């Protein structure tokens, strides 16, 4: 009983936030991976999500702190046989990616686009959202 004479209600588990209604088709697949000592990120699972093959030629560009990867028919970077993409050194340096850095990889199915989010970009997005969460 509480001080006011009301019985205690037992709460089980943690509170669950209100979520947006689920959609029938997922358009984005989320993956995490680590930058290796050669500046490569493992993107085999996201490749499969997009229907891309190892050996594909892609272009990489930096857009608002996110590395955008898209198919390229001419010059570009080749995805290795084992599903690794070597992030170009200038982009790695600008994003402060070092060996062991964790990244969030998004595969946009309908857009033929792969996005690599450095942890600093993810943290900045979360900081912007934080006031509405509390």
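The values are calculated or read from the model by the stated rules, or taken from the named source; none is laboratory data. Remember, predicted model here, so these are calculated numbers, not experimental data. Every residue, glycine as well, gets a Cβ built from its backbone with ideal geometry; the counts of neighbours run over all protein chains shown.
Summary of computed values
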read-out: For residue 57: the one exception among (1) at pLDDT 90 or above; (2) farther than 19 Å from residue 81 by Cβ; value: (2)
read-out: Out of 73, 123, sole residue that is part of a loop (DSSP other than H, G, I, E, B) and free of Cβ contacts under 8 Å to residues at least 24 places away in the same chain; value: 73
read-out: Residue list for the stretch 17-70, filter: assigned to a loop (DSSP other than H, G, I, E, B) and closer than 15 Å to residue 97 by Cβ; value: 35, 36, 37, 38, 39, 43, 65
read-out: Residues of the stretch 89-104 that turn out to be surrounded by 13 or more Cβ atoms within 10 Å (Cβ to Cβ), without any contact (Cβ under 8 Å) to a residue 40 or more places away in the chain and within 17 Å of residue 33 (Cβ to Cβ), as a count; value: 2
read-out: The stretch 72-88: number of residues that are more than 11 Å from residue 60 (Cα to Cα) and more than 16 Å from the chain's Cα centre (by Cα); value: 7
